[in-house]
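Asker: Next up is a structure, given as structure tokens.
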Amino acid sequence: MKKLLFLLTCLFIVHAQAQEYFPTNTGVKTNKNNVAAFKNATIYITPTKILKKGTLLIKDGKVADVGRSVKIPKGAEIIDASNKTIYPSFIDIYTNFGVNKPKRAGNSSRSPQYDAGRTGYYWNDHVRPETDPVESFKFDNKKAKELLKAGFGVVNTHMPDGIVRGNGMLVSLNTNSNNAYRILNTNSAQYLSFSRSVQTRQSYPTSRMGAMALLRQMYLDAQWYASGNTKNKDLSLEALNNNKNLVQIFEAGNVLDVMRADKVGDEFGIQYTIVGGGDEFERIQDIKSTGANMIIPINYRKAYDVSNPLLAEQISLSDMRKWNQEPSNLAVLAKNGINFALTTHDLKSVNSFHKNLQKAILYGLDKTKALEALTTIPAQIIGESKIGNLQEGSYANFLITDGDIFDTKTILYENWVQGSRYSVNDMNISDITGTYSFVINGKNYQLEITGQDTKQKGTVKSGEEKIKSKFSFSDDWIQLTINEEGNFSRIVAQTSNNGLAGTIHYNDGSTGNWIAQKTANPNVEKEKKEKAKETTPELLPISYPNIGFGNFTQPKQETILIKNVTVWTSENQGVLKNTDVLLKDGKIAKIGKNLSERRARIIDGTGKHLTAGIIDEHSHIATSAVNESGHNSTAEVSIEDVVNPNDINIYRNLAGGVTSIQILHGSANPIGGRSAIIKLKWGENAENLIYKNTPKFIKFALGENVKQSNWGDNQTVRFPQTRMGVEQVYVDYFQRAKEYDALKKSGNPYRKDIELEVLAEILNKERFITCHSYVQSEINMLMKVAERFNFNINTFTHILEGYKVADKMKKHGVGGSTFSDWWAYKYEVNDAIPYNAAIMHNAGITVAINSDDREMSRRLNQEAAKIVKYGGLSEVEAWNMVTINPAKLLHLDKRTGSIKEGKDADVVLWSDHPLSIYAKAEKTIIEGKIYFDIEEDKEKRKAVKEERAKLINMMLNEKMNGGKVQAPKKKVSKNFTCDTEEI
Amino acid sequence: MKKLYIHILILFFVTSNIIAQQTPAPTQKKDFAIIGATAHIGNGKVIENSLILVKEGKLATVADARLVKIDLSKIETINATGKHVYPGLIALNASLGLAEVDAVRASVDVDEIGSMLPHIRSLIAYNAESKVVESMRPNGVLQAEITPRGGTISGTASVMQLDAWNWEDAAIKVDHGIHMNWPGAFTRGRWWLGEDPALKPDKNYAKNVESVTIFFKEAKRYLASDKELKNLPYEATKGLFDGSQKLFIHVSGQKEITDAITTAKNLGINNIVIVHGNDAEKVADLLLKHNIPVVIDRAHRVPNNEDDDYDLSYRTAKILMDKGITVAIGVEGQMERMNTRNLPFYAGTYAAYGVDKEKALQMITGNAATVLGIDSFTGTLEAGKDATFFISEGDALDMRTNILTHAFIQGRKISLETHQTKLWKRYSNKLKEN
């Protein structure tokens, strides 16, 4: 039996397409006439080139001709396609069709793995450009049929694993053929992402910024390898170089990552085609600025089930808003002229593709654009001119429908791929809908048939009385059983001029002729009504960022005159009473008495205090990542790559009077990553938050974190595990950086190494170190290492035992940025004392008070006040520790940190003495723009409440009207600190 | 300003010469009086220009200096004109002395294994010699409820004063209450198993509540039996049913708080305190009906939800007080032991966001004592109560002015020295000499 099956399979395949030079052992060689002509159809040759009453001639899987007057060769199969529309079949260029994601690498050891698990390849297992999907490709018949039903004819597939994933493969979904014909191109693209490979446990990269750094170094190494300078064989880099000229498809998945991917590409002259996440509408100008071709999924979230108000409270406004706005994404992309293709890749079921697309059209997506996004654009992206259109010579991949493909009522009959027919719905089924009347045994009956195609359904009535009956319709025949109280009559019939005709089998076994007269046509009014229901839904406006308290319009730069206020200058003048301050063109223009300025917004500061904006030297808010812990040195990573402008803590910090922060890398390794120094310009994108001409900083760390003391018993394999080892990490890296820099300056060829470049910047005094530090021994050590390499440490952050070596610090010239009163959370902070800041200050060190905590950062004024309590510094000295002192430590003191004419207008108006626990920030101004206003905040609260109520109503409506809903979920945000580990 | 610094430095040197660091103060031998200070009673009232007379460890007189006539010629007096006197602050739901260094497991005795542990007692693990405990005193935190953590029924708590040789000396109320964690109605997916980490309703909620009910029902049946075979956990719940102990239920959310109160009442447990109590304002009527106080969390925390008002966590006290609920402040949270010394500033923040300053103080004095059932002998500056109080240069709820000159526990003048002040002085001297 098995043998027979095998034989049958062979026969089928051979019959379908006999490969010309293959021997035949199952019969005689046959040649099939593969010519067909589709006449009288509306033909979309391309989305914009439409032919009415045209003929499509196909031959041997290709379009032989298309036009009004096509010469049809003899023997061709002729198909009457009048009232039918023919479209090119769709293309999805982001799939893993037929390629299974590999299994996760097992955990044979509990200890982390730092080195690569393979040899002969790149040093990082997550880089796998040599992967060829052909090796594991298995045509997936089931999936192919799903895609065919959705109208797809060709897909590009790849191995969805790793940061560099290897080449793509273009496959046609021809279920009647074999791989010899289906595989159109085995080198159609190269795929990349930010996600780690599951086939390895290698630690690096643990973070998004690590993945970005890895990509950069990989490109540099590939160039070095291509120039023949490498002694070893590297199959990964060879493959990468070979695939260089292919289209590079990058899976990003959300707006922030789209921007990050594009940034990396731009640095190496590569324009990625980027797979987005469907949230592009939230920052459409940014998306536009990439100039990238996009591949967009259309997977909309379901409404949340908000019927339980207690659960509904847990859903964030941003999540609810996304439900409302997501369907507008494609329309927004199209309106902004962004070139995009569509993908089914994140849909649970391909079946929902059309419904979602129709929704997008309802929300304003132009139908031509929709068709282009499924045909010509993906074809153009992948560089294959023979798909996505029906020009002569193109693949005969096309759809036959009864009308507009994007209309909900339209039926897709057939999907032809490479000239091979796949029937989705039988094209020849008659429409028998309507009302018919007939008589059985003298009784009058009415049969009403509704629905479409094979799904046409019939119900029987007699007058008003409903009659039990069973109806079915297939192969153009109806079967009807009527049950009159156990008396069954069975009917089989077909359409016959304006009615139905057939035979009836009575209860007693006798038979007769049966005829039904059509008395009414289908009820069109009802359908119209249904259509009218689909009015354009209400779309809520987008804010920046698109969460509660986001800005619907960005604040404008104003000329502001603050009158009669107590000014804490953070300069030598100290505190000035009853003073006026003028802010103009984003700068502090004038400080004095009785100032006036035409057209300035006047703010009465009577009884209030004006200070420079607070600067937090050590923050971890507004970032998507903190630690890259995959190596003991990660100077190559930068927080600037992962700034997250959508963090509500930006707004909350503004409400605490903070205007500038340094977002530091965490303390997972002795040499951490580079900082991002930003202003809290709420609503701006990541790039605009970062200081222009920003000072260059890098985070170092000492102590328990870098030696992984508190990470559990399995974390004992990474060097260093002791403070002794930490010193050697530094000496080693600085020595290498020194040698690297010397080689680079010598003019001889060198392998560009980002990590060593950054370290060389430190040696060349172009980049400054902020070092996480606790106990005196290690503090002393790092200063000695720096002195040995002839540079200075700029800042010790935390520096909890700074008071023990304040004299040495003063001599070295390093500043201290510390907590006011934290201690006792680790062994190394046993001797941390709240008098630390005062002692260091008294020793002549520039001291700042920092937060390292999203909660404390919004009341740093209170933390400064503690320095008055602990150690008895003056209030002015204490206040300087959160303004001008951190500005000095960050080399920003020429620009901000005090109230001085000419500096940036970064100021805060307080309701009370700024060191008092009773003080509230009333206005927080950055460069003359009011980013926080306590009065506007009240309006925002009201707006949040109203919008929540509105969305809840909309969702309730959705549920009542039968829409699908999902259980409420609460967005969980992480509190990042130095110690935050990411997996 | 430099002068002030030196002044304070001298002050500390002088103080430290009188009483050695860490050594608990001896019993009060002589009467003494504080005159001229603004006395914050801890019940909402203030006496400007007060006279406070201390005898045998108790407050003998607390009155307006202009209204009482007492011969002070023979007793030691402290002139505190321009200064402020406060009752010793009481930290609720604290774990002081149960752990020294958070990251050093060997030093942590906070959370016993198991889930129904009323027999576990914080009292005996309390480290009277803890360096963290002594660091409370310079900020005015002089008494604390020491609470075991974890499990469903975490254990039995006791109240300590923070200047003692050992736990027996320290205890001012032994085993006053049992703390329990009410089952959560929400659960997070385990992201490390690939589950969605978002918060969603816990399907096991009802089952978990039932297991609590069953435990207490069985305990009650056991207590009514002849107890032939002793059952330690059940035995430990006795006080809940006879009214001598309070049940502190850690619970948040409208539904959960309601369930917790209803369940406890049905079981015959009448002395209930709600701890954390997010959303308690939504069940205010129920709380008022049964006269149940709420121990809210520290003000210094971020709001729970992304689109909460930025100051929502600062306004919790105001919101509950407006409903007439009795409010006190607990200190549980991240790095809570060392942070417990910031208790006055939690109250200060609540004051900044709508609560009257004296009412804010009351949350960490009078109300805290009521919650613990120790209000008969401490918590306010009222005659007959323990002489546990401190003198501050200014408003003790504001870090800017919380500068202590004296502190007393049961009339004993305690040291304001700590491990930290010792290091301050040592290294200040070292730097001066260099």
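Asker: For A:Thr846, what charge total do you get from the other residues with a beta carbon under 11 Å from its beta carbon, if Lys and Arg give +1 and Asp and Glu give -1?
Answerer: 0
Asker: For segment A:259-332 and segment B:403-434, write down the distance between their C-alpha centroids in whole Å.
Answerer: Centre-to-centre distance over Cα atoms comes out at 57 Å.
Asker: Just report the Cα centroid separation between segment A:378-448 and segment A:149-181, whole Å.
Answerer: Centre-to-centre (Cα) distance: 25 Å.
Asker: Quick one: work out the % antiparallel among DSSP beta bridges in segment B:233-384, nearest 5.
Answerer: So the antiparallel bridges in segment B:233-384 amount to around 0 percent.
Asker: Calculate how steeply helix B:343-352 sits against the longest principal axis of the alpha-carbon atoms of chain B, using the helix alpha-carbon long axis, and give the answer as 0 to 90 degrees to the nearest 10.
Answerer: Helix B:343-352 sits roughly 90 degrees off the main axis of chain B.
Asker: For segment A:658-708, calculate the relative contact order in percent as a whole number, restricting contacts to Cα pairs under 8 Å that are 6 or more residues apart.
Answerer: With pairs under 8 Å counted, the relative contact order is 43 percent.
Asker: Could you tell me what % of all Cα pairs in segment A:64-143 have separations over 20 Å?
Answerer: When every Cα pair of segment A:64-143 is considered, 65 percent fall beyond 20 Å.
Asker: Positive end of the dipole of chain B, charges at C-beta (+1 Lys, Arg; -1 Asp, Glu), about the Cα centre: which of B:Ala407, B:Ile153, B:His179 has its Cα farthest in that direction?
Answerer: The one lying farthest along the dipole's positive direction is B:Ala407.
Asker: Just want the ordering: A:Lys699, A:Lys84, from fewest to most Cβ atoms lying within 10 Å of their own Cβ.
Answerer: Listing A:Lys699, A:Lys84 from fewest to most nearby Cβ atoms yields A:Lys84, A:Lys699.
Asker: Taking each residue of A:850-863 in turn, how many C-beta atoms of other protein chains fall within 10 Å of its C-beta, and what is the average?
Answerer: Per-residue shielding by partner chains comes out at 3.
Asker: To the nearest 10 degrees, how steep is helix A:2-16 against the longest Cα principal axis of chain A, on a 0 to 90 scale?
Answerer: Helix A:2-16 sits roughly 90 degrees off the main axis of chain A.
Asker: Along the charge dipole of chain B, Cβ charges K/R +1 and D/E -1, which of B:Ser211, B:Val273, B:His419 sits furthest on the positive end?
Answerer: Ranked along the dipole, the leading option is B:His419.
Asker: Still on this structure, please answer the following. Just going by the charge dipole of the protein assembly as shown, with Lys and Arg at +1 and Asp and Glu at -1 on Cβ, which of B:Gly366, A:Gly54, A:His620 is farthest out on the positive end?
Answerer: It is A:Gly54, whose Cα lies furthest towards the positive end.
Asker: Next question, about the same structure. Which whole-percent values make up P(r) of chain B when all C-alpha to C-alpha distances are grouped in 10 Å steps starting at zero?
Answerer: 4, 21, 30, 25, 13, 6, 1, 0
Asker: If you average the alpha carbon positions of segment A:836-892 and of segment B:167-208, how far apart do those two centres end up, in angstrom?
Answerer: If we compute the Cα centre of each part, the gap is 37 Å.
Asker: Follow-up question, since we're still on this one. Helix B:312-322 against the longest principal axis of chain B: what's the angle in degrees, Cα atoms only, rounded to the nearest 10?
Answerer: 90 degrees
Asker: While we're here: Hey, any idea what Rg/Rh is for segment B:49-162, computing Rh the Kirkwood way over Cα pairs?
Answerer: Checking Rg against Rh, the ratio lands at 1.16.
Asker: About the Cα centre of chain B, what is the dipole size in debye to 20, counting +1 per Lys and Arg Cβ and -1 per Asp and Glu Cβ, all else neutral?
Answerer: Once rounded to the nearest 20, the dipole reads 900 debye.
Asker: So what's the projected area for segment A:77-213, the Cα convex hull averaged over all directions, in nm²?
Answerer: Approximately 11.3 nm², given one-decimal rounding.
Asker: Using the count of nearby Cβ atoms within 10 Å as a rough guide to exposure, how do B:Ser252, B:Ser158 rank from fewest to most?
Answerer: Numbers: B:Ser252 20, B:Ser158 23.
The fewest-first ordering by Cβ neighbours comes to B:Ser252, B:Ser158.
Asker: Another question, then. Relative to the Cα centre, what is the charge dipole magnitude of the protein assembly as shown, using +1 at the beta carbon of each Lys and Arg, -1 at the beta carbon of each Asp and Glu, and rounding to the nearest 20 debye?
Answerer: Working: 178 positive and 163 negative charges, 291 e Å.
It works out to roughly 1400 debye.
Asker: Give the Debye-formula value of log10 I(q)/I(0) at each listed q (0.21 Å⁻¹), with one equal scatterer per alpha carbon of segment A:568-657, two decimals each.
Answerer: -1.10
Asker: For a quick check: with amide H placed at 1.01 Å from N, whose amide H comes under 5 Å from B:Ile414's, ignoring anything fewer than 5 positions away on the same chain?
Answerer: So B:Ile414 has HN proximity to B:Ala407, B:Phe408, B:Ile409.
Asker: Continuing with the same structure: Would you mind ranking B:Met338, A:Met809 so that the residue whose beta carbon has the fewest other beta carbons within 10 Å leads the list? Please list the in-between numbers first.
Answerer: Working: B:Met338 21, A:Met809 25.
With the fewest neighbours first, B:Met338, A:Met809 line up as B:Met338, A:Met809.
Asker: What number results when the radius of gyration of segment A:738-777, computed over Cα atoms, is divided by 2.2 N^0.38 Å?
Answerer: Against the compact-globule rule of thumb, the ratio is 1.50.
Asker: Give me the one-decimal Kirkwood hydrodynamic radius in Å for segment B:342-391, with the sum taken over alpha-carbon pairs.
Answerer: About 11.4 Å, per the Kirkwood formula over Cα pairs.
Asker: Continuing with the same structure: In vacuum, with every alpha carbon of segment A:848-912 counted as one equal point scatterer, what does the Debye formula give for log10 I(q)/I(0) at q = 0.14, 0.22 Å⁻¹? Two decimals, please.
Answerer: -0.43, -1.01
Asker: While we're here: For B:Val273, list long-range residues whose amide hydrogen, built 1.01 Å from N in the peptide plane, is under 5 Å from its own amide hydrogen.
Answerer: Distant-sequence amide H within range of B:Val273: B:Leu247, B:Phe248, B:Ile249.
Asker: Mind putting a number on the dipole of segment A:380-493 about its Cα centre? Charges go on the C-beta only, +1 for Lys and Arg and -1 for Asp and Glu, and I need it in Debye to the nearest 20.
Answerer: Values: 11 positive and 16 negative charges, 85 e Å.
Dipole about the Cα centre, nearest 20: 420 debye.
Asker: Output the relative contact order of chain A, whole-number percent, from Cα pairs under 8 angstrom with separation of 6+ residues.
Answerer: Once divided by the residue count of chain A, the mean separation gives 10 percent.
Asker: Pick from B:Ser415, B:Ser225, B:Ser392 the residue whose mean-square fluctuation is largest in a GNM of chain B, springs joining Cα atoms under 10 Å.
Answerer: B:Ser225
Asker: Could you give me the ³J(HN,Hα) list for segment B:382-395, computed from phi with Karplus coefficients 6.51, -1.76, 1.60 and θ = phi - 60°, whole Hz, x at Gly and Pro?
Answerer: 10, 3, x, 8, 4, 7, 10, 7, 9, 10, 10, 4, x, 3
Asker: Give me the log10 of I(q) over I(0) for segment A:442-520 at q = 0.12, 0.26, 0.27 Å⁻¹, as the Debye formula computes it from C-alpha points; what are the numbers?
Answerer: -0.32, -1.56, -1.63
Asker: Taking the C-alpha atoms of the protein assembly as shown, how large are the radius of gyration and the largest Cα-Cα span, Dmax, in Å?
Answerer: Expressed in Å, the Cα Rg and Dmax of the protein assembly as shown come to 38.6, 133.
Asker: Sticking with this one: Report the antiparallel proportion of the DSSP beta bridges in the protein assembly as shown as a percent, rounded to a multiple of 5.
Answerer: 65 percent
Asker: Here is a follow-up. Compute the semi-axes of the equivalent ellipsoid of segment B:40-104, taking the square root of 5 times each eigenvalue of the Cα gyration tensor, and list them largest first in whole Å.
Answerer: Each semi-axis is the square root of five times an eigenvalue, giving 34, 15, 11 Å.
Just so you know, all these numbers are worked out from the coordinates, no wet-lab data involved. What you see is a predicted model, and the numbers here were worked out from it, not measured in a lab. Quick reminder, even Gly has a Cβ in these numbers, built from the backbone with ideal geometry, and neighbours come from all protein chains shown.
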